[in-house]
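A short write-up of the structure that comes next.
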Amino acid sequence: MEHKKLSKEFQEYLDSLNTGYKNNNWVFIGKTNDAFGSPGGSWQGKEGYKFKEEKSNQEYLLRSIPENGYIVLESYSTRRQVYNMDLSKTTIHQSKNNKSILLESYTMTAGKGRVKKQDVKDAFKNLGVNSNQIAEISDSNPNWADLVESLLTWANHRERVKKLLKTTSKVMKEESKEEEKQTREEELNSLPLNQIFFGPPGTGKTYHTVNEALKVVGIDTSELTRTQIKQEFDKKLKEGQIVFTTFHQSMSYEEFIEGIKPVDPKDDEEILTYKVEPGVFKRLSIEASFNIARLGMSKEVSETLDFSNLYDMFIEEIQEKLINNEEVKIKTKSGGTVLIDSISQQGNIIIKHHNGTRTYTVSKPRLTKLQSSITSLDNVSNINDEFREVIGGSNSSAYWSVLNAIKQITKRVKVKTEEKTYAFEDKVEVVKKMNKVDFTNVKGKNYVLIVDEINRGNVSQIFGELITLIEADKRLGKDEALEVSLPYSKEKFGVPPNLYIIGTMNTADRSVEALDTALRRRFSFTEMPPRYDLSGLDYEFAGVKGFEILRKINRRIEKLLDRDHLIGHSYFLLNEEEKLNPEPKLLDSFYRNIIPLLQEYFFGDYAKIGAVLGNGFVYTENENDQADFATGYENEDFAEKDIFQIIDYRSDQPDNQYIQTEMSFEKAIRLLMNQTLTD
């Protein structure tokens, strides 16, 4: 039967039914204008016929659209279309031997996408439905009642299949996510803790370092634009998870690890003081270790953080009282009291005796040490000896009084370790409490230290004794873990396993040969040579491709020098707009980057520069004029030496006076490429 005819006659049959008509388990509820699908019901305005199954109370809508030749099945439970049957398609409707056969096409969406037909077929089989034939009716004497029952039964099958596929899809997605997570973890585990990208200038070392650092901290950059990658990188820099520094000749151990530095007085009355300050590497190591501590949250770590919260709470209460001009007394060990005079800008507590003029400073870091070492103040018999053993110095009575006052807070306030910003001193105290188990059982966030131009600093001096500690098997938590006592703070220090070091090294830098052998043994090296396969080099100028110009220059440099002094591809990269007219960008790059690099490489030997670039860029003068020299030196061979000039094709430049007749930048490139010039 022709598809529109079938749909029309089926519509007429449905329209003839009376409300309450019963077809085996199905009851006709009546006509309705309900319509499901998106947006707003695909068949809005087309009359539908509502049926209900007595056993399950499942309700479906049957609809026949003669003008389109469609039969539509819709579900009230999901308020979705179950099957949109286009009878003009042979995968849904076939006519054979004066019979019309309606079929399952196995085309289905579940969740957010279309499901593979084989998966749909397998889902039907899982429900015990092995054939895709829905119904078969005679063209001459169709049994419309059987068709209604077959369609409604199939609607139920299809709905169950969709639910099964959604569940399967969800499980598969979760499994896929788990596999992706596992793959990322395996990739992270395979990344070296210490690596250096090395190569000549302009090969994208720093550029690549940004991507590598984000990979280390767990960000997939494969689907991100360069702008988005840079935004993610800047975000991690701001959060402190990535730190960027550059080595230079003046870089020292004191800047990198720790050193004694002056503390600026806050006012004219304060005197200049000095304190041990952590450097870039030590500070990031503490941050990385603290992250592991927070995730593990051992008893010792929890107590230290709780005390930090208590101290801050105590300071807030004292400041409020001082603002209101209230006198703040705290008890001493002897049973008397002392006064809290003020809170310094550094957050220290200033103590003085009644009617006294001398003040005593109580600092949070020293209090933290005391509370960790002394479990009960009541058991302290000799304050001076026992406190001095922990924190040194004097003011033991003042420290006892403040520590006792803070401990009283715990009797009236239940302190919870919250997500808050802790002072660096708090983090140091927490890290001191950590042991091998803390570093072994918990894997914290990865932190990255990027050291640009790592070979320009005196590495032995900068790393000092820590050069051994950065090795993978010497990291904290490992069986061969090592710690050293730092020379200034006298504190134990080790490198956590979640701190990665990424360095860059310019091989053309003359200081590269001085790179410490100990450093070479502890880093993985990845060469970053010039690349010729990038799309940014795929443009044409002077009859040749951009990458061909770069390759020609580099082959000549490698013959005259070595591969460490090649020219990087970044100087030749053009965007799509620049490719339309390459000359301005290339011209600028040649005189701002390429020629200055060649002058540096060859130490002013312009004959070799000419051998690389050709006489379109290097002009040779040799007049053999002996009169140029002073009397008495006329017969020397000085005059035989060639004089070279760089030809500058940029406008308003002094060296453009050497441009030869009818020469241009494009022709100079042709000469560089050994082409024959023609007018």
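The values are calculated or read from the model by the stated rules, or taken from the named source; none is laboratory data. Keep in mind that this is a model prediction, so the values were computed, not measured. In this analysis, Cβ positions are derived from the backbone assuming ideal geometry, glycine residues included, and neighbour counts consider all displayed protein chains.
Any residue that is without any contact (Cβ under 8 Å) to a residue 24 or more places away in the chain and closer than 23 Å to residue 165 by Cα - is there at least one of those in region 17-33? No, region 17-33 has no match at all. Pairing each residue of region 65-91 that is buried (at least 16 other Cβ atoms within 10 Å of the Cβ) with any residue that is part of a strand (DSSP E or B) and of a type in the set (S, T, N, Q), provided the two are 6+ apart or on different chains, yields C-beta distances under 7 Å for 70/84; 71/64; 72/81; 72/84; 74/81; 82/75. The condition of being of a type outside the set (D, E, K, R), more than 30 Å from residue 504 (Cα to Cα) and out of contact with any Phe, Trp or Tyr (no Cβ under 6 Å at 6 or more places or on another chain) holds for residue 355. The number of residues in region 464-512 being farther than 30 Å from residue 597 by Cβ and either touching a Cys at 6+ places or on another chain (Cβ under 7 Å) or not in a loop (DSSP other than H, G, I, E, B) (or both) comes to 13.
Among the numbered conditions (1) hydroxyl-bearing (Ser, Thr, Tyr); (2) closer than 20 Å to residue 6 by Cα; (3) touching a strand residue (DSSP E or B) at 6+ places or on another chain (Cβ under 6 Å), the only one that residue 32 does not meet is (2).
Scanning region 202-240 for residues that are surrounded by fewer than 21 Cβ atoms within 10 Å (Cβ to Cβ) and assigned to a loop (DSSP other than H, G, I, E, B) yields 204, 217, 218, 219, 220, 221, 222, 223, 224, 225, 240.
When 524, 589 are checked against the criterion of being within 33 Å of the chain's Cα centre (by Cα), of a type in the set (S, T, N, Q) and in the same structural domain as residue 649 (by TED's automatic domain parsing), a single residue qualifies: 589. When residue 639 is tested against the conditions (1) of a type in the set (A, V, I, L, M, F, W, C); (2) surrounded by 11 or more Cβ atoms within 10 Å (Cβ to Cβ); (3) more than 46 Å from the chain's Cα centre (by Cα); (4) modelled with pLDDT of 65 or more, the lone failure is (4).
Residue count for region 334-388 under the criterion of being in a loop (DSSP other than H, G, I, E, B), surrounded by fewer than 15 Cβ atoms within 10 Å (Cβ to Cβ) and not hydroxyl-bearing (Ser, Thr, Tyr): the result is 10. From the residues in region 241-261 that are assigned to a loop (DSSP other than H, G, I, E, B) and in contact with a helix residue (DSSP H, G or I) (Cβ under 9 Å, 6 or more places away or on another chain), which one is farthest from residue 280 (Cα to Cα)? Checked region 241-261; the qualifying residue farthest from residue 280 (Cα to Cα) is 249. What do you reckon, is residue 557 closer than 22 Å to residue 648 by Cβ and assigned to a loop (DSSP other than H, G, I, E, B)? When the stated conditions are applied, residue 557 does not pass them.
Determine if region 470-477 includes at least one residue that is at pLDDT below 95, exposed (fewer than 14 other Cβ atoms within 10 Å of the Cβ) and in contact with an Asp or Glu (Cβ under 6 Å, 6 or more places away or on another chain). There is at least one residue in region 470-477 that is at pLDDT below 95, exposed (fewer than 14 other Cβ atoms within 10 Å of the Cβ) and in contact with an Asp or Glu (Cβ under 6 Å, 6 or more places away or on another chain).
crowded, with 20+ Cβ neighbours inside 10 Å, more than 26 Å from the chain's Cα centre (by Cα) and in contact (Cβ under 8 Å) with a residue 12 or more places away in the chain, is that true of residue 495?
Values: crowded, with 20+ Cβ neighbours inside 10 Å: yes; more than 26 Å from the chain's Cα centre (by Cα): no; in contact (Cβ under 8 Å) with a residue 12 or more places away in the chain: yes.
No: the conditions fail for residue 495.
The single condition among (1) closer than 17 Å to residue 151 by Cβ; (2) of a type in the set (Asp, Glu); (3) not in a strand (DSSP E or B) that residue 67 does not satisfy is (1).
Scanning region 48-62 for residues that are crowded, with 16+ Cβ neighbours inside 10 Å and either modelled with pLDDT under 90 or in contact with a helix residue (DSSP H, G or I) (Cβ under 7 Å, 6 or more places away or on another chain) (or both) gives 49, 51, 58, 60, 62. For region 208-228, filtering for residues that are in contact (Cβ under 8 Å) with a residue 40 or more places away in the chain, in contact with a Lys or Arg (Cβ under 8 Å, 6 or more places away or on another chain) and more than 22 Å from residue 531 (Cβ to Cβ) leaves 2.
When region 570-585 is filtered for residues that are in a loop (DSSP other than H, G, I, E, B) and more than 27 Å from the chain's Cα centre (by Cα), the ones remaining, listed by number, are 572, 580, 581, 582.
Is there a residue in region 604-627 that is surrounded by 14 or more Cβ atoms within 10 Å (Cβ to Cβ) and at pLDDT below 85? No - not one qualifying residue is present in region 604-627.
Which one of 305, 295 is surrounded by fewer than 17 Cβ atoms within 10 Å (Cβ to Cβ), under 30 Å from residue 448 (Cβ atoms) and either hydrophobic (A, V, I, L, M, F, W, C) or touching a strand residue (DSSP E or B) at 6+ places or on another chain (Cβ under 8 Å) (or both)?
On the way: 305 fails: surrounded by fewer than 17 Cβ atoms within 10 Å (Cβ to Cβ).
The conditions single out 295.
Filter region 102-147 for residues that are within 41 Å of the chain's Cα centre (by Cα), of a type outside the set (A, V, I, L, M) and in a strand (DSSP E or B) and give the result.
Listed by number, the residues that qualify are 109, 113, 114.
Condition check for residue 155 on (1) within 20 Å of residue 62 (Cβ to Cβ); (2) touching a helix residue (DSSP H, G or I) at 6+ places or on another chain (Cβ under 9 Å): one failure, at (2).
If only residues of region 308-333 that are touching a residue at least 60 places away in the same chain (Cβ under 8 Å) and touching a Lys or Arg at 6+ places or on another chain (Cβ under 9 Å) are counted, the one that is surrounded by the most Cβ atoms within 10 Å (Cβ to Cβ) is 308.
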